[in-house]
Amino acid sequence: MRILIVEDEHKIANAIKQGLEQQSYAVDVAYDGDDGLAMASTGTYDLIILDRMLPGSIDGLGILQTIRKAKNHTPVLILTAKDRILDRAPGLERRCR
């Protein structure tokens, strides 16, 4: 199984990567939205772990919307530090699917 992590906090990204690799998953990491979108668009992944707030010209929701418009139906797990329901709900909206 191949997993893409898109997370700008290096410690968080590397901790997730290490844990997944210990379970024998192949893991790629992008540390900003631009690299994350490029990797998600060109690579074949079984899961994408996506931070909502990313540096670069595109954030996590923008990545999700872009890959869904391209008919990429890879499962996505969204990470966020935001705690309000109104901040979390857009990732669940139909237009992102």
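A few comments on the model shown:
- Qualifying residue in the range 19-41 (condition: within 13 Å of VAL76 (Cα to Cα), touching a strand residue (DSSP E or B) at 6+ places or on another chain (Cβ under 7 Å) and either of a type outside the set (Phe, Trp, Tyr) or open to solvent by 30 Å² or more (accessible area, probe 1.4 Å) (or both)): yes
- Evaluation of SER41 against (1) in a helix (DSSP H, G or I); (2) in contact with a Lys or Arg (Cβ under 9 Å, 6 or more places away or on another chain); (3) of a type outside the set (A, V, I, L, M); (4) under 20 Å from MET1 (Cβ atoms) (one fails), failing number: (2)
- Residues within the range 42-76 that are among the charged types (D, E, K, R), open to solvent by 50 Å² or more (accessible area, probe 1.4 Å) and touching a residue at least 12 places away in the same chain (Cβ under 8 Å), tallied: 2
- Residue pairs meeting the criteria (Cβ under 6 Å; at least 6 apart or on separate chains; first in a loop (DSSP other than H, G, I, E, B), in the range 1-25; second open to solvent by 50 Å² or more (accessible area, probe 1.4 Å) and not aromatic (Phe, Trp, Tyr)): MET1/ASP46; ASP8/PRO55; TYR25/MET1
- Residue match in the range 83-95 (condition: outside any helix (DSSP H, G or I) and modelled with pLDDT of 95 or more): no
The values are calculated or read from the model by the stated rules, or taken from the named source; none is laboratory data. This one's a predicted model, so the numbers in the text were calculated from it and none came from an experiment. Don't worry about glycine lacking a Cβ; one is built from the backbone with ideal geometry, like all the others, and counts go over all protein chains shown. Side chains are part of the model used for accessible areas, which takes the heavy atoms of the whole protein and leaves out ligands, DNA and RNA. Shrake-Rupley method; radii C 1.70, N 1.55, O 1.52, S 1.80 Å.
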